[in-house]
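Trainee: Starting off with a structure, shown below.
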Amino acid sequence: MLRSTITTASSLRYWMAFALKASPAASDSSRWVQHHERNPDMRGLLVAASIVVALATGGAAMAASDLGAQREADMKAIGSSLKTGFDMVQGKTDFDAAKAKAAMEKIAAKATEFPTLFPAGSEKVDSKASPDIWTNKADFEAHAAKLATDATAAAAAAGNGLDAFKPALVAVAANCKACHQTYRLSD
(Lines give C-alpha, C1' and ligand atoms only; values in the text may rest on other atoms or scores of the structure.)
Protein backbone atom coordinates (compact mmCIF):
# COMPACT_ATOMS: atom_id res chain seq x y z
CA MET A 1 0.00 0.00 0.00
CA LEU A 2 2.80 2.42 0.88
CA ARG A 3 4.52 1.82 -2.47
CA SER A 4 1.21 2.45 -4.25
CA THR A 5 0.65 5.66 -2.29
CA ILE A 6 4.19 6.89 -2.97
CA THR A 7 3.88 6.08 -6.66
CA THR A 8 0.54 7.88 -6.80
CA ALA A 9 1.97 10.90 -5.00
CA SER A 10 4.98 10.99 -7.31
CA SER A 11 2.78 10.77 -10.39
CA LEU A 12 0.54 13.49 -9.03
CA ARG A 13 3.52 15.83 -8.42
CA TYR A 14 4.82 15.13 -11.92
CA TRP A 15 1.50 15.92 -13.61
CA MET A 16 0.86 18.89 -11.34
CA ALA A 17 4.22 20.28 -12.44
CA PHE A 18 2.96 20.16 -16.03
CA ALA A 19 -0.35 21.69 -15.15
CA LEU A 20 1.10 24.52 -13.10
CA LYS A 21 3.85 25.35 -15.64
CA ALA A 22 6.62 24.31 -13.28
CA SER A 23 9.69 22.68 -14.71
CA PRO A 24 9.10 18.94 -14.53
CA ALA A 25 11.86 16.41 -14.16
CA ALA A 26 11.67 15.18 -17.74
CA SER A 27 13.70 17.34 -20.16
CA ASP A 28 11.41 16.85 -23.17
CA SER A 29 8.36 18.07 -21.30
CA SER A 30 8.94 21.77 -21.98
CA ARG A 31 7.41 21.35 -25.44
CA TRP A 32 4.29 19.91 -23.83
CA VAL A 33 4.09 22.81 -21.34
CA GLN A 34 4.56 25.39 -24.14
CA HIS A 35 1.77 23.79 -26.14
CA HIS A 36 -0.63 23.81 -23.22
CA GLU A 37 0.27 27.34 -22.12
CA ARG A 38 -1.93 28.41 -25.01
CA ASN A 39 -4.84 26.42 -23.61
CA PRO A 40 -5.34 27.29 -19.92
CA ASP A 41 -8.54 25.20 -19.74
CA MET A 42 -6.42 22.12 -20.37
CA ARG A 43 -4.28 22.86 -17.29
CA GLY A 44 -7.35 22.98 -15.04
CA LEU A 45 -8.71 19.79 -16.56
CA LEU A 46 -5.37 18.06 -16.05
CA VAL A 47 -5.18 19.20 -12.41
CA ALA A 48 -8.71 17.92 -11.76
CA ALA A 49 -8.03 14.61 -13.52
CA SER A 50 -4.80 14.14 -11.58
CA ILE A 51 -6.53 14.69 -8.29
CA VAL A 52 -9.33 12.27 -9.17
CA VAL A 53 -6.83 9.59 -10.21
CA ALA A 54 -4.78 10.09 -7.05
CA LEU A 55 -7.83 9.85 -4.81
CA ALA A 56 -9.19 6.81 -6.64
CA THR A 57 -5.97 4.83 -6.52
CA GLY A 58 -5.22 5.91 -2.97
CA GLY A 59 -8.78 5.00 -1.99
CA ALA A 60 -8.41 1.56 -3.55
CA ALA A 61 -5.18 0.95 -1.67
CA MET A 62 -6.77 2.15 1.55
CA ALA A 63 -9.86 0.02 0.95
CA ALA A 64 -7.70 -3.08 0.68
CA SER A 65 -6.05 -2.33 4.01
CA ASP A 66 -9.39 -1.74 5.72
CA LEU A 67 -11.05 -5.02 4.69
CA GLY A 68 -10.62 -6.54 8.12
CA ALA A 69 -12.16 -3.53 9.83
CA GLN A 70 -15.06 -3.47 7.36
CA ARG A 71 -15.67 -7.20 7.81
CA GLU A 72 -15.77 -6.74 11.57
CA ALA A 73 -18.05 -3.71 11.31
CA ASP A 74 -20.48 -5.62 9.09
CA MET A 75 -20.54 -8.58 11.46
CA LYS A 76 -21.18 -6.26 14.42
CA ALA A 77 -24.00 -4.56 12.50
CA ILE A 78 -25.56 -7.95 11.73
CA GLY A 79 -25.13 -9.04 15.36
CA SER A 80 -26.70 -5.83 16.62
CA SER A 81 -29.64 -6.26 14.27
CA LEU A 82 -30.11 -9.86 15.42
CA LYS A 83 -30.05 -8.68 19.02
CA THR A 84 -32.75 -6.13 18.23
CA GLY A 85 -34.92 -8.89 16.81
CA PHE A 86 -34.28 -11.38 19.61
CA ASP A 87 -34.88 -8.76 22.30
CA MET A 88 -38.38 -8.33 20.82
CA VAL A 89 -39.00 -12.06 20.40
CA GLN A 90 -37.86 -12.81 23.97
CA GLY A 91 -39.99 -10.01 25.42
CA LYS A 92 -37.04 -7.91 26.59
CA THR A 93 -38.41 -5.03 24.53
CA ASP A 94 -41.83 -4.40 23.04
CA PHE A 95 -42.35 -5.66 19.52
CA ASP A 96 -42.05 -2.81 17.03
CA ALA A 97 -42.70 -3.93 13.47
CA ALA A 98 -40.87 -0.94 11.97
CA LYS A 99 -37.74 -1.54 14.06
CA ALA A 100 -37.83 -5.27 13.38
CA LYS A 101 -38.18 -4.63 9.66
CA ALA A 102 -35.31 -2.10 9.68
CA ALA A 103 -33.07 -4.54 11.57
CA MET A 104 -33.74 -7.34 9.07
CA GLU A 105 -33.25 -4.98 6.12
CA LYS A 106 -29.85 -4.02 7.55
CA ILE A 107 -28.91 -7.70 7.78
CA ALA A 108 -30.02 -8.26 4.18
CA ALA A 109 -27.94 -5.30 2.97
CA LYS A 110 -24.83 -6.37 4.89
CA ALA A 111 -25.20 -10.00 3.76
CA THR A 112 -25.37 -8.83 0.15
CA GLU A 113 -22.22 -6.71 0.57
CA PHE A 114 -20.28 -9.17 2.72
CA PRO A 115 -18.90 -11.52 0.02
CA THR A 116 -17.28 -8.54 -1.74
CA LEU A 117 -15.10 -8.05 1.35
CA PHE A 118 -13.27 -11.31 0.64
CA PRO A 119 -11.46 -10.74 -2.67
CA ALA A 120 -8.67 -13.04 -3.79
CA GLY A 121 -5.46 -12.14 -2.00
CA SER A 122 -7.14 -10.99 1.21
CA GLU A 123 -6.74 -14.28 3.04
CA LYS A 124 -4.37 -12.87 5.66
CA VAL A 125 -6.43 -9.76 6.44
CA ASP A 126 -8.60 -11.39 9.10
CA SER A 127 -7.43 -14.04 11.54
CA LYS A 128 -10.99 -15.32 12.11
CA ALA A 129 -11.75 -16.00 8.45
CA SER A 130 -11.26 -19.60 7.37
CA PRO A 131 -9.18 -20.24 4.23
CA ASP A 132 -12.21 -22.27 3.08
CA ILE A 133 -13.86 -18.97 2.13
CA TRP A 134 -11.48 -18.65 -0.82
CA THR A 135 -11.36 -22.32 -1.75
CA ASN A 136 -15.18 -22.66 -1.61
CA LYS A 137 -16.06 -19.14 -2.71
CA ALA A 138 -19.31 -20.15 -4.45
CA ASP A 139 -20.60 -21.89 -1.32
CA PHE A 140 -19.60 -18.91 0.85
CA GLU A 141 -21.47 -16.59 -1.50
CA ALA A 142 -24.48 -18.95 -1.41
CA HIS A 143 -24.52 -18.75 2.42
CA ALA A 144 -24.52 -14.95 2.22
CA ALA A 145 -27.25 -14.95 -0.43
CA LYS A 146 -29.43 -17.25 1.69
CA LEU A 147 -28.93 -14.97 4.69
CA ALA A 148 -29.97 -11.96 2.60
CA THR A 149 -33.03 -13.80 1.27
CA ASP A 150 -34.13 -14.98 4.71
CA ALA A 151 -33.52 -11.56 6.25
CA THR A 152 -35.66 -9.99 3.52
CA ALA A 153 -38.39 -12.53 4.30
CA ALA A 154 -38.10 -11.71 8.02
CA ALA A 155 -38.42 -8.00 7.23
CA ALA A 156 -41.65 -8.74 5.39
CA ALA A 157 -42.87 -11.03 8.18
CA ALA A 158 -42.37 -8.26 10.75
CA GLY A 159 -45.32 -6.43 9.24
CA ASN A 160 -47.54 -9.42 10.08
CA GLY A 161 -46.84 -9.30 13.80
CA LEU A 162 -44.64 -10.99 16.37
CA ASP A 163 -45.92 -14.51 15.74
CA ALA A 164 -45.00 -14.29 12.06
CA PHE A 165 -41.67 -12.64 12.83
CA LYS A 166 -40.40 -15.26 15.32
CA PRO A 167 -39.83 -18.19 12.92
CA ALA A 168 -38.41 -15.88 10.27
CA LEU A 169 -35.88 -14.50 12.77
CA VAL A 170 -34.92 -18.03 13.83
CA ALA A 171 -34.20 -18.87 10.18
CA VAL A 172 -31.94 -15.80 9.90
CA ALA A 173 -30.02 -16.83 13.03
CA ALA A 174 -29.67 -20.38 11.71
CA ASN A 175 -28.00 -18.99 8.59
CA CYS A 176 -25.50 -17.09 10.70
CA LYS A 177 -24.70 -20.20 12.72
CA ALA A 178 -24.28 -22.41 9.63
CA CYS A 179 -21.93 -19.96 7.96
CA HIS A 180 -19.86 -19.41 11.09
CA GLN A 181 -19.49 -23.16 11.65
CA THR A 182 -18.06 -23.53 8.16
CA TYR A 183 -16.20 -20.29 7.49
CA ARG A 184 -15.17 -18.81 10.82
CA LEU A 185 -12.14 -20.06 12.70
CA SER A 186 -12.70 -20.57 16.41
CA ASP A 187 -10.95 -18.23 18.82
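Trainee: Suppose we keep only residues that are of a type in the set (A, V, I, L, M) and free of Cβ contacts under 8 Å to residues at least 24 places away in the same chain within segment 110-151. Which one would you say is nearest to G68 (Cα to Cα)? Don't jump to the end; show me each part of the working.
Mentor: Initial filter on segment 110-151 (of a type in the set (A, V, I, L, M)): 111, 117, 120, 125, 129, 133, 138, 142, 144-145, 147-148, 151.
Those still in the list that are free of Cβ contacts under 8 Å to residues at least 24 places away in the same chain too: 120, 138, 142.
Values: A120: 14, A138: 20, A142: 21 Å.
Among residues in segment 110-151 that are of a type in the set (A, V, I, L, M) and free of Cβ contacts under 8 Å to residues at least 24 places away in the same chain, the one nearest to G68 (Cα to Cα) is A120.
Trainee: Still on this structure, I have one more. Please find, within segment 46-85, the residue that is modelled with the highest pLDDT out of those that are farther than 30 Å from G161 by Cβ and polar (S, T, N, Q).
Mentor: Among those that are farther than 30 Å from G161 by Cβ and polar (S, T, N, Q), it is Q70.
Trainee: Quick test for you: out of G159, G121, pick the one residue that is more than 21 Å from T182 (Cα to Cα), loosely packed, with under 15 Cβ neighbours inside 10 Å and not basic (K, R).
Mentor: Matching residue, one of G159, G121: G159.
The values are calculated or read from the model by the stated rules, or taken from the named source; none is laboratory data. Values in this document were obtained by computation on a predicted structure and should not be read as measured data. FYI the Cβ positions are ideal-geometry reconstructions off the backbone, even for glycines, and counts take in every protein chain you see.
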